[in-house]
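The values are calculated or read from the model by the stated rules, or taken from the named source; none is laboratory data. Quick caveat: nothing in here was measured; it's all calculated off a predicted structure. We place every Cβ from the backbone using ideal geometry, glycine too, and count neighbours over all the protein chains shown.
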Amino acid sequence: MAKASSDVRPTSIVSSASKSKPRKPAAIAAHKARKPALLSEAEIREVFRRFHAANPEPKGELEHTNPFTLLVAIVLSAQATDAGVNKATRALFKVADTPQKMLKLGEDKLRDYVKTIGLYRAKAKNVIGLSQRLVDDFDGRVPDDRDALESLPGVGRKTANVVMNIAFHHPTIAVDTHVFRVANRIGLSNGTTPLAVEEDLLRVVPKDYLLHAHHWLILHGRYLCKARKPECWRCLISDICRFPDKTPAP
């Protein structure tokens, strides 16, 4: 958790920001204009109603057999595609699907299984490290707790949120590049950081849709609302979306 800022503000020191020239009103207006207006409560409910109608039970695309293999797959997926991770882990999980088996396999042999994945050396080290921590501190089980998960090597807030959502069915939202882009583009959030977007989504997404919300947004961003050329002409929420530069049909 972030520490609260101090109430003591020294008056004798002028910050570098205060010395800079104030932004002109036109520049401020242009900056604000780039952000789409946020959707209303009714519009947000309709967005997720449509997502649910089209895909009532969305699933993550990383292959896994239990909470441990899910955790390992997510750690390996950083800056890699799900398809590439799945290709490597199909063989890996046949021989190491528990922390104990992963430790027995060892870091050197683990690297051989995941060497097709980017940053595989660092990731293999983290997988062995988190496996050791799970055995030493959690009786070989993946903890159902965000703080405990984030204490493991290679595990950050996004990874912890995915594990809590998929393995333990908590209504968490993991903000990856797809969720960040889609939330800002369609008008669910104007957040400038993943945490800000996560907090906005937890606040505005209807509770009855929250469990699957991040899956719907990830899949929407991956296959329709793409970064360079969103396929707006076949989008099921195009009439609600606030994105101004909608792509016409080819």
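Among the residues of the range 216-223, some residue qualifies, meaning at least one is more than 14 Å from LYS59 (Cα to Cα) and surrounded by 12 or more Cβ atoms within 10 Å (Cβ to Cβ).
Is it the case, given these coordinates, that LEU70 is modelled with pLDDT of 50 or more, assigned to a loop (DSSP other than H, G, I, E, B) and of a type outside the set (Asp, Glu)?
Working: modelled with pLDDT of 50 or more: yes; assigned to a loop (DSSP other than H, G, I, E, B): no; of a type outside the set (Asp, Glu): yes.
No.
Once the range 40-63 is narrowed to residues that are over 20 Å from the mean Cα position of the chain (by Cα) and of a type in the set (D, E, K, R), the residue that is surrounded by the fewest Cβ atoms within 10 Å (Cβ to Cβ) is GLU41. With respect to the stated conditions, PHE138 is over 19 Å from ALA124 (Cα atoms), more than 17 Å from the chain's Cα centre (by Cα) and among the aromatic types (Phe, Trp, Tyr).
Only one residue in ILE173, ILE117, ILE128 is β-branched (Val, Ile, Thr), in a loop (DSSP other than H, G, I, E, B) and in contact with an Asp or Glu (Cβ under 8 Å, 6 or more places away or on another chain), so which one is that? Step through it out loud before you land on a result.
Numbers: ILE117 fails: in contact with an Asp or Glu (Cβ under 8 Å, 6 or more places away or on another chain); ILE128 fails: in a loop (DSSP other than H, G, I, E, B).
Sole residue among the options that is β-branched (Val, Ile, Thr), in a loop (DSSP other than H, G, I, E, B) and in contact with an Asp or Glu (Cβ under 8 Å, 6 or more places away or on another chain): ILE173.
Scanning the range 176-194 for residues that are part of a helix (DSSP H, G or I) and either on the phi > 0 side of the Ramachandran plot or out of contact with any Phe, Trp or Tyr (no Cβ under 8 Å at 6 or more places or on another chain) (or both) returns THR177, HIS178, VAL179, PHE180, ARG181, VAL182, ALA183, ASN184.
Tell me, please, whether a residue that is more than 20 Å from the chain's Cα centre (by Cα), not charged (D, E, K, R) and not assigned by TED's automatic domain parsing to the domain that holds THR193 can be found in the range 142-162. No, the range 142-162 contains no residue that is more than 20 Å from the chain's Cα centre (by Cα), not charged (D, E, K, R) and not assigned by TED's automatic domain parsing to the domain that holds THR193.
So, of the residues in the range 144-180 that are in contact with a Gly (Cβ under 6 Å, 6 or more places away or on another chain) and either hydrophobic (A, V, I, L, M, F, W, C) or surrounded by fewer than 18 Cβ atoms within 10 Å (Cβ to Cβ) (or both), which turns out to be farthest from ASN126 (Cα to Cα)? Working first, answer last.
Filtering the range 144-180 for residues in contact with a Gly (Cβ under 6 Å, 6 or more places away or on another chain) gives 153, 166, 178.
Next cut, either hydrophobic (A, V, I, L, M, F, W, C) or surrounded by fewer than 18 Cβ atoms within 10 Å (Cβ to Cβ) (or both) only: 153, 166.
Details: PRO153: 5, ILE166: 21 Å.
So the residue we want is ILE166.
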